[in-house]
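Peer 1: To start, I am sharing the structure in question, which I have written as structure tokens.
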Amino acid sequence: MAILVCGGAGYIGSHTVKELVDTYEVVVLDNLTTGFDSLIDERATFVKGDLGDGAVLDRIFADHTIDAVFHFAANSLVGESVENPLKYYRNNVSATLVLLEKMIEHGVKRFIFSSTAATYGIPDTEMITEETANKPINPYGRSKLMVEQVLADIAHVHDFQYVVLRYFNAAGAHKSGTIGESHDPESHLIPIVLQHLLGQREKISVFGTDYDTADGTCVRDYIHVTDLARAHILSYEGMAKGEIANETYNLGNGAGYSVNEIIKACESIAERKATIEYADRRAGDPATLVASSTKIAAALGWKPAFDLEAIISSAWAWHSK
Ligand code: UDP
């Protein structure tokens, strides 16, 4: 029995592959448009191809006995999704439909889906639970919510089970120091700050200082990528044992940090001072997103092992290499 990891050459996918390969046979499907084959653990079988390519999927499902699909392959930049919505609906929705059709056709019935806090839009509560209304404010969030709705409909009529994991802000790097957060171009806050502190960027731009938050900058809930990886494996094992099915879980630390606080924390860990430019808001950004993850804690015993300092320290170790 093997696990197919779509998007296993990406940031969160590659960290999950690293956790999986100790126990499971792993097949990675990735087209390397945003991922890097250097991130894929060598114990996994790598297939270069598109999620939306039915023939590639037919081959994988014929060549391997796949018990579950972990689906990380997506575009995930809020700002870009506002600029280029069709890219998001094509890659995140249409391609996923091909994958789901092929899973049904080949009798593969377990699916773990990477979703996002962006499905909540601008929440009317401090702590977001899975019951908080879904009102996405950008195409990225909408593309993920559409797939969530498709999954619920499929599970009604097919022998098919899923878990949706709504990530808050993934950050940090693997403890081995061999893989970490790599995007090209990079748009995420923590790697940008660390690259700046390493002299690889001239300055940091803070997007918006007039949000309704304590210091006016956006507040986010940062969660270590290995904690996310563990949640996928627990979700899969819970489904395989028949303990859970068709569930949606938030994944965050339950603590919010502003952009200014993140910059300060990075400065303190790197023992260097940042040059900051205060800039306009970035399109599509809500003021505050903080997760309650009590549902997955109760169902599967998942708890984050990394706090903000451990997250940034692991990222700093990776970026400094
Ligand atoms: N951000 C920023 N400057 C940057 C990159 C990000 O001020 O160079 C802000 C961004 O507007 C958001 C927060 O940092 O409020 C986290 O952004 P990121 O892109 O890391 O994650 P997102 O919340 O979009 O998933």
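Peer 1: Among the candidates Ile204, Ile179, single out the residue that is in contact (Cβ under 8 Å) with a residue 40 or more places away in the chain, more than 13 Å from the ligand (Cβ to nearest atom), open to solvent by less than 10 Å² (accessible area, probe 1.4 Å) and over 15 Å from the mean Cα position of the chain (by Cα).
Peer 2: Criteria check complete, one pass: Ile179.
Peer 1: Next question. I'd like the full set of residues that are in contact with a strand residue (DSSP E or B) (Cβ under 8 Å, 6 or more places away or on another chain) and either among the β-branched types (Val, Ile, Thr) or open to solvent by 10 Å² or more (accessible area, probe 1.4 Å) (or both), limited to the stretch 80-113.
Peer 2: Step one: filter the stretch 80-113 for residues in contact with a strand residue (DSSP E or B) (Cβ under 8 Å, 6 or more places away or on another chain), giving 96, 99-100, 103, 106, 108-113.
Answer for the stretch 80-113, where residues must be in contact with a strand residue (DSSP E or B) (Cβ under 8 Å, 6 or more places away or on another chain) and either among the β-branched types (Val, Ile, Thr) or open to solvent by 10 Å² or more (accessible area, probe 1.4 Å) (or both): Thr96, His106, Val108, Lys109, Arg110, Ile112.
Peer 1: Take the conditions farther than 25 Å from Gly121 by Cα, of a type outside the set (S, T, N, Q) and open to solvent by 10 Å² or more (accessible area, probe 1.4 Å) and apply them to Glu237. Does it pass?
Peer 2: Details: farther than 25 Å from Gly121 by Cα: yes; of a type outside the set (S, T, N, Q): yes; open to solvent by 10 Å² or more (accessible area, probe 1.4 Å): yes.
In short, yes.
Peer 1: Still on this model: With within 18 Å of the chain's Cα centre (by Cα), more than 15 Å from Thr34 (Cβ to Cβ) and within 13 Å of the ligand (Cβ to nearest atom) as the only criterion, which of Ser81, Ser115 stands out? Spell out how you get there, then give the answer.
Peer 2: On the way: Ser81 fails: more than 15 Å from Thr34 (Cβ to Cβ).
Step by step, each of Ser81, Ser115 is checked, and only Ser115 is within 18 Å of the chain's Cα centre (by Cα), more than 15 Å from Thr34 (Cβ to Cβ) and within 13 Å of the ligand (Cβ to nearest atom).
Peer 1: Additional query: Go through the stretch 222-300 and tell me which helices (runs of 4 or more DSSP H), entirely inside it, have 1 or more residues that are over 30 Å from Ile66 (Cβ atoms). Show your work before the answer.
Peer 2: Numbers: elements: 225-240, 259-270, 294-300.
Passing ranges, in order: 259-270, 294-300.
Peer 1: Here are some residues: Phe46, Phe72, Phe61, Phe113. Which one is touching a Cys at 6+ places or on another chain (Cβ under 7 Å) and among the aromatic types (Phe, Trp, Tyr)?
Peer 2: Numbers: Phe46 fails: touching a Cys at 6+ places or on another chain (Cβ under 7 Å); Phe61 fails: touching a Cys at 6+ places or on another chain (Cβ under 7 Å); Phe113 fails: touching a Cys at 6+ places or on another chain (Cβ under 7 Å).
Criteria check complete, one pass: Phe72.
Peer 1: Are any residues in the stretch 182-199 in a loop (DSSP other than H, G, I, E, B) and either near the ligand (Cβ under 10 Å from one of its atoms) or of a type in the set (Asp, Glu) (or both), and if so, which ones?
Peer 2: In the first step, residues of the stretch 182-199 are kept if they are in a loop (DSSP other than H, G, I, E, B); the result is 182-188, 198-199.
The answer is His183, Asp184, Glu186, Ser187, His188.
Peer 1: Next question, about the same structure. Which ones in the stretch 274-311 are under 30 Å from His196 (Cα atoms) and among the charged types (D, E, K, R)?
Peer 2: Initially, the stretch 274-311 is screened for residues under 30 Å from His196 (Cα atoms), giving 274-291, 304-311.
Residues satisfying the conditions are Glu277, Asp280, Arg281, Arg282, Asp285, Asp307, Glu309.
Peer 1: Ok, one more. Spot the failing condition for Asp58; the list is (1) open to solvent by 40 Å² or more (accessible area, probe 1.4 Å); (2) in contact (Cβ under 8 Å) with a residue 60 or more places away in the chain, and only one is missed.
Peer 2: Here Asp58 meets the rest and fails (2).
Peer 1: If you check Asp159, Asp153, Asp227, Asp212, which single one turns out to be out of contact with any helix residue (DSSP H, G or I) (no Cβ under 8 Å at 6 or more places or on another chain), in contact (Cβ under 8 Å) with a residue 24 or more places away in the chain and within 23 Å of Thr96 (Cβ to Cβ)?
Peer 2: Numbers: Asp153 fails: in contact (Cβ under 8 Å) with a residue 24 or more places away in the chain; Asp227 fails: within 23 Å of Thr96 (Cβ to Cβ); Asp212 fails: within 23 Å of Thr96 (Cβ to Cβ).
Of the residues listed, the single one that is out of contact with any helix residue (DSSP H, G or I) (no Cβ under 8 Å at 6 or more places or on another chain), in contact (Cβ under 8 Å) with a residue 24 or more places away in the chain and within 23 Å of Thr96 (Cβ to Cβ) is Asp159.
Peer 1: Looking only at residues in the stretch 123-146 that are in contact with a Leu (Cβ under 8 Å, 6 or more places away or on another chain) and under 19 Å from Asn92 (Cα atoms), which one is surrounded by the most Cβ atoms within 10 Å (Cβ to Cβ)? Even if it seems obvious, please write down each step before you answer.
Peer 2: Our first condition is that a residue be in contact with a Leu (Cβ under 8 Å, 6 or more places away or on another chain); within the stretch 123-146, this holds for 123, 128, 134, 136, 140.
Remaining after also requiring under 19 Å from Asn92 (Cα atoms): 134, 136, 140.
Values: Asn134: 19, Pro136: 23, Tyr140: 25.
Among residues in the stretch 123-146 that are in contact with a Leu (Cβ under 8 Å, 6 or more places away or on another chain) and under 19 Å from Asn92 (Cα atoms), the one surrounded by the most Cβ atoms within 10 Å (Cβ to Cβ) is Tyr140.
The values are calculated or read from the model by the stated rules, or taken from the named source; none is laboratory data. Since we're looking at a predicted model, the values are computed, not measured. Positions of Cβ are backbone-derived with ideal geometry, glycine not excepted, and every protein chain shown enters the neighbour counts. Side chains are part of the model used for accessible areas, which takes the heavy atoms of the whole protein and leaves out ligands, DNA and RNA. Shrake-Rupley method; radii C 1.70, N 1.55, O 1.52, S 1.80 Å.
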